[in-house]
Amino acid sequence: MIKRFFLYGFFGLLMEVLWTGINNMIRGDKSLRCTTSLWMFPIYGIGIAFEPIINLIIVLPLIVRGVTYMLCIFLAEYYSGTALKRFAVCPWDYSNSSYSVQGMIRLDYAPLWFMVGLAYEWIYRTVVINI
């Protein structure tokens, strides 16, 4: 189980580094600077909690699975962000976005979380299940 936790954690950090680097490239930053926070590692590692959900819904249509994962990720982001904010260490604050819910989640990220959930499913089915 610890190996899977680390796999999800590292995948999440990689995904975040790519996301921030690509966003900086789009904004014209030719250095392609990437950022993340070590607080994110255990949050992404908690992706291991999705495994039972994946096993339950794998037979459902792709759209249903993607929406389920998206909602789970929104909940995880909201509650982990709220907990981190209590200790003044939350690495994100979406308060400036009109799509923000209490600065913790951005509803316009729904398509991204839909895809991330399916990516986690793919990693689970192709890599993790064999560990």
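Computed quantities for the displayed model
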| item | result |
| --- | --- |
| Part-to-part distance (alpha-carbon centres) for the range 32-98 and the range 1-23, which is given in Å | 12 |
| Per DSSP, loop trypsin sites (Lys or Arg not before Pro) in the range 1-42 with at most 15 further Cβ within 10 Å | Arg27, Lys30, Arg33 |
| Value of [θ]222 nm, deg cm²/dmol, for the chain, DSSP H segments ≥ 4, -39500 (n - 2.57) each, nearest 500 | -20500 deg cm²/dmol |
| Hydrodynamic radius of the chain per Kirkwood, over alpha carbon pairs, in Å | 15.6 |
| Phi-based couplings in Hz for the range 103-115 (Karplus 6.51, -1.76, 1.60; Gly and Pro marked x) | x, 9, 9, 10, 5, 6, 8, 3, x, 4, 5, 4, 5 |
| The range 107-131 residues near the modelled Trp19 label - backbone nitrogen below 13 Å, point 7 Å along Cα→Cβ | 107-120 |
| Likely footprinting exposure, Ile43, Ile123, fewest C-beta neighbours within 10 Å first | Ile123, Ile43 |
| Dipole magnitude of the chain, debye to nearest 20 (Cβ charges: Lys/Arg +1, Asp/Glu -1, about Cα centre) | 160 |
| For the range 82-91, 3J(HN,Hα) per residue [Karplus equation, 6.51 cos²θ - 1.76 cosθ + 1.60, θ = phi - 60°, Hz, x = Gly/Pro] | 4, 5, 5, 5, 4, 9, 6, 10, 5, x |
| Charge sum, other residues only, whose C-beta stays under 12 Å from Ile43's C-beta, Lys/Arg counted +1 and Asp/Glu -1 | -2 |
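Every number here is computed from the coordinates shown, using simple stated rules; none is lab data. Keep in mind that what you see is a predicted model, and the values were worked out from it rather than measured. Reconstructed Cβ throughout: ideal geometry from the backbone, glycine too, with neighbour counts over all protein chains shown.
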